1. On the basis of being modelled with pLDDT of 90 or more and in a helix (DSSP H, G or I), does residue 6 make the cut?
2. For segment 74-83, which residues satisfy the criterion of being under 12 Å from the mean Cα position of the chain (by Cα) and open to solvent by less than 40 Å² (accessible area, probe 1.4 Å)?
3. Condition first: of a type in the set (A, V, I, L, M, F, W, C) and not in a helix (DSSP H, G or I). Now tell me which residues in segment 9-59 satisfy that.
4. Could you list all residues from segment 42-66 that are open to solvent by 70 Å² or more (accessible area, probe 1.4 Å) and of a type outside the set (A, V, I, L, M)?
5. Can you tell me which residue within segment 9-34, out of those that are open to solvent by 90 Å² or more (accessible area, probe 1.4 Å) and modelled with pLDDT of 95 or more, is farthest from residue 75 (Cα to Cα)?
Amino acid sequence: MKKKVLVLIAAFATVLIIRLFFGVYEHDEFAESHLFVKHRPTWKWKFYSPQGMSDTKIEELSEEKQTEQKYFNEFIRDQGLSR
C-alpha cells in the first residue's frame with residue numbers, strides 16, 4: 001500500500017514539474033509547434049504570438065492579445081527561441 005502511494009505522489013510531482021517548467025510555443029513565422037523549457041515556472045502551457053510577423057503594434061491589439069504577446073515576448077523571444 002505504501003509503495004502505491006509513493007508511486008502516485010512521484011507521478012503527480014513529475015506531472016506538476018513538467019506542467020510548470022515546460023511549454024509549447026507556436027513559431028510566429030512558420031506555424032510549427034515546439035516544446036521548450038521555461039526560464040521560470042508558470043501554469044501557462046501554450047504560447048503564441050498574436051502579432052505574428054505583421055507590422056501590427058502591441059498597442060493596437062486587444063488587452064487579451066496584448067497579454068498573450070507579452071508572455072510570448074518574455075518566454076520565447078527574449079530567450080532567443082523564435083529566430
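1. Numbers: modelled with pLDDT of 90 or more: yes; in a helix (DSSP H, G or I): yes.
For residue 6, the condition - modelled with pLDDT of 90 or more and in a helix (DSSP H, G or I) - is met.
2. 75, 76, listed by residue number.
3. Keep residues of segment 9-59 that are of a type in the set (A, V, I, L, M, F, W, C), which gives 9-13, 15-18, 20-22, 24, 30-31, 35-37, 43, 45, 47, 53, 58.
22, 24, 30, 31, 35, 36, 37, 43, 45, 47, 53, listed by residue number.
4. Taking segment 42-66 and keeping what is open to solvent by 70 Å² or more (accessible area, probe 1.4 Å), we get 43, 45-46, 48, 53, 55, 57, 59-60, 63-65.
43, 45, 46, 48, 55, 57, 59, 60, 63, 64, 65, listed by residue number.
5. Restricting attention to segment 9-34, the residues satisfying the condition of being open to solvent by 90 Å² or more (accessible area, probe 1.4 Å) are 9, 12, 15, 17, 29-30, 32.
Then drop every residue that is not modelled with pLDDT of 95 or more, which leaves 9, 12, 15, 17.
Values: 9: 29, 12: 25, 15: 20, 17: 17 Å.
Only one residue fits best here, namely 9.
The values are calculated or read from the model by the stated rules, or taken from the named source; none is laboratory data. The structure presented is a predicted model; accordingly, all values stated were derived computationally and were not measured. Accessible surface areas use protein heavy atoms only, side chains included; no ligands, DNA or RNA. Shrake-Rupley method; radii C 1.70, N 1.55, O 1.52, S 1.80 Å.
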